[in-house]
Amino acid sequence: MALHPQEHIIYWRVPSNIALVKYWGKHGVQLPQNPSLSFTLRQSYTDMQILYRPSESGNRTIDFYFEGKPNEKFKAKIVQFLESLPDDFAFTKGLQLTIKSLNSFPHSAGIASSASSMGALAMCLATLAQKQGVFLGSPEQALQKASNWARLASGSACRSVYGGYTVWGATHELPGSSDLFAIPLETQQVHPYFATFCDTILIISGEEKAVSSRAGHALMNGHPFATVRYEQARRNLSRLLDVLKNGDIEDFIQIVENEALTLHGLMMNSNPSFILMKPATLAVIEELRTFRRDTGIPLTFTLDAGPNIHLLYPLAYQVEIHAFITDRLVRYCQENRYIHDGVGTGPQLFN
Ligand code: PMV
């Protein structure tokens, strides 16, 4: 389909991310109760295009297509987001915007798409702002602005604005860190061993999430373990920053599994209580720990707020671990589904 003569296009591919130290609990306007650390994925991403031109009425209009079909639910979310910060998004006011989005992973994979989709929206809006003559500062400041917008749309999305390992939340250990936006770890802060880490996502169930992210974070308000949890997350973050630098895999395994199981523990003992793991999730964890004990291969895992498992391992053991997945773990996956992913380089602009 030909573009309208006055129409322009912006196209970003933004990957999802997986947290190793979890963000769980927020306050104020989408501010985290503790700093979190994630790496950005490679294969699980959102492709988003914004086509824009001056609108005939002079008012902003938005059309939103998800996987080629109009989607009113997403459109309403985007309109609400743009209206929530009228000054910041003033540059969109007289434009006719057509937003097209699709994910590399199927909706039924149970993978949270808000990090990649809201990350993509923020990157598209930052580029649009610049094309409309809005100065967002230095390249670094422009990315912080995009990360800030992504955070307001969906907390963890702010970490997807960068590749590699990213921290969101103010901590005295990282100068420049902030509750408002994420910052990337520098190359020298990540041992080469972790820079190429692999993540195979086992799809245990593709069902819709039993608890929305908003309701999930709200469970931490008044949770009896809230204060100790936030302290624990800070300690785990501090330890993980050291571990990422020195390449200590034993400590990495201990911290990452502790974070994953704490997240699920907090959901189990909150009110109301949620058990988001399935029997197959536990079976995989048991198999994984037996495999690790028997072979000495440093395979570990993390979990999102759902039943699917992210298997984390060094690239050097890919062959053995792929064989283990095929031999022992595929049987626990819904329709034998899994996605080989890993640490990625971050958003990509197509022009
Ligand atoms: O960004 P939200 O509001 O969808 O929350 C994400 C929460 C976890 O995925 C469980 C943890 C995290 O830090 O990504």
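Could you pull out which residues in the range 36-75 have an amide N less than 20 Å from a spot 7 Å beyond the Cα of residue 235, following the Cα-Cβ vector?
What the label zone holds, given the 20 Å backbone N cut-off, is 36-37.
What does DSSP give for the chain in terms of the percent of beta bridges that are antiparallel, rounded to the nearest 5? Walk me through the numbers before you get to the answer.
Values: 49 of 55 bridges.
Once the DSSP bridges in the chain are tallied, antiparallel ones form about 90 percent.
With only Lys, Arg, Asp and Glu charged, each at its Cβ (+1 for the first two, -1 for the last two), find how big the charge dipole of the range 8-188 is about the Cα centre; round to the nearest 20 debye. Intermediate values should be presented prior to the final figure.
Details: 16 positive and 12 negative charges, 69 e Å.
Using only the charged Cβ atoms, the result is roughly 320 debye.
Please enumerate, by chain and number, the aspartates and glutamates with C-alpha under 17 Å from the C-alpha of residue 245, excluding those fewer than 8 residues away in the same chain.
Excluding near neighbours in sequence, the set is 173, 186.
Give me the compactness ratio for the range 192-342, meaning the Cα radius of gyration over 2.2 N^0.38 Å. Intermediate values should be presented prior to the final figure.
Working: Rg = 16.0 Å, N = 151, 2.2 N^0.38 = 14.8 Å.
Working it through for the range 192-342, the quotient is 1.08.
Pull up all non-local amide H partners of residue 96: gap of 5 or more, or a different chain, and H-to-H distance under 5 Å with H placed in the peptide plane.
Placed amide hydrogens put 53, 55, 61 under 5 Å from residue 96.
In nm, what is the difference between 0.36 nm times the number of residues separating residue 246 and residue 330 and their Cα-Cα distance? Show your work: numbers first, answer last.
Numbers: separation 84, 0.36 × 84 = 30.24 nm, distance 3.29 nm.
Contour length minus Cα-Cα distance gives 27.0 nm.
What is the helix-to-structure angle for 279-295, meaning the angle in degrees between its Cα long axis and the longest Cα principal axis of the chain, kept from 0 to 90 and rounded to the nearest 10?
60
Taking the chain as the reference, fit the longest principal axis to its C-alpha atoms, fit the long axis of helix 249-268 to the helix C-alpha atoms, and give the angle between the two in degrees, 0 to 90, nearest 10.
Approximately 70 degrees, to the nearest 10.
Summarise the accessible area of the range 1-141 (1.4 Å probe, protein heavy atoms) by the percent that is carbon and sulfur. Walk me through the numbers on the way to the answer.
Working: 3420 of 6440 Å².
The C+S portion of the solvent-accessible surface of the range 1-141 is 53 percent.
Using the alpha carbons of the chain, what is the convex hull volume per residue in cubic angstrom, as a whole number? It would help to have the intermediate numbers written out before the result.
Values: hull volume 50.0 nm³, N = 351.
It is 142 Å³ per residue.
Within a Cβ distance under 15 Å of residue 59, other residues only, what is the Lys/Arg minus Asp/Glu net charge? Before the final figure, lay out the partial values.
On the way: positive: 53, 60, 93; negative: 56, 63, 83.
Net charge in that neighbourhood comes out at 0.
Taking a virtual spin label 7 Å from the Cα of residue 221 along the C-beta vector, which residues in the range 10-27 bring their backbone nitrogen under 13 Å of it?
25-27
For the range 8-188, what is the accessible area per residue in Å² when the probe is 1.4 Å? Don't jump to the answer; show the numbers that get you there.
Values: 7290 Å² over 181 residues.
Computed with neighbouring chains in place, this is 40 Å² per residue.
Please report the Cα spread of the range 11-82 along all three principal axes, rounded to whole Å, starting with the longest.
47, 33, 20
Run lengths n ≥ 4 of DSSP H only: what is the helix-derived mean residue ellipticity at 222 nm for the chain, with -39500 (n - 2.57) per run over all residues, to the nearest 500?
-11000 deg cm²/dmol
Carbon and sulfur: what percent of the range 192-342's accessible surface (1.4 Å probe)?
Here carbon and sulfur together make up 53 percent of the probe-accessible area.
Could you rank the peptides 114-120, 242-248 by their average count of other C-beta atoms within 10 Å per residue, with the highest value first? Present the calculation step by step, with values, prior to reporting the outcome.
Working: 114-120: 28.4, 242-248: 16.1.
Going from most to least packed, we get 114-120, 242-248.
Can you tell which of 269, 314, 301 lies farthest toward the positive end of the dipole of the range 192-342, using +1 and -1 charges on the Cβ of basic and acidic side chains (Lys, Arg; Asp, Glu)?
Working it through, the farthest residue towards the positive pole turns out to be 269.
Where a Cα-Cα gap under 21 Å defines reach, which lysines qualify for residue 69, not counting those fewer than 8 residues away within the same chain?
Candidates past the 8-residue exclusion: 77, 100.
Note down the net charge around residue 345, summing +1 for each Lys or Arg and -1 for each Asp or Glu among other residues with Cβ under 12 Å from its Cβ. Walk me through the numbers before you get to the answer.
Values: positive: 13, 42; negative: none.
With Lys, Arg at +1 and Asp, Glu at -1, the neighbours total +2.
Measuring from label point to label point, each 7 Å out along Cα→Cβ, what is the residue 107 to residue 214 span in nm?
The two pseudo-label positions are separated by 1.9 nm.
In nm, give the distance between the simple-model label positions of residue 315 and residue 63, each being 7 Å from the Cα along the Cα-to-Cβ direction.
About 4.3 nm separates the two model spin labels.
Round to the nearest 10 and give me the degree value, 0 to 90, for the angle of helix 72-84's Cα axis relative to the longest principal axis of the chain.
Taking Cα atoms only, the helix is inclined about 70 degrees.
Would you list, by chain and number, the lysines whose Cα falls below 18 Å from the Cα of residue 278, excluding same-chain residues fewer than 8 positions away?
Straight-distance partners of residue 278: 209.
The values are calculated or read from the model by the stated rules, or taken from the named source; none is laboratory data. Here the structure is a predicted model, which is why all the values come from computation and not from measurement. Here Cβ is always computed from backbone atoms with ideal geometry, including for glycine, and neighbour counts include all displayed protein chains. For the accessible areas, the whole protein counts, side chains as well, though only heavy atoms, and no ligand, DNA or RNA atoms are used. Shrake-Rupley method; radii C 1.70, N 1.55, O 1.52, S 1.80 Å.
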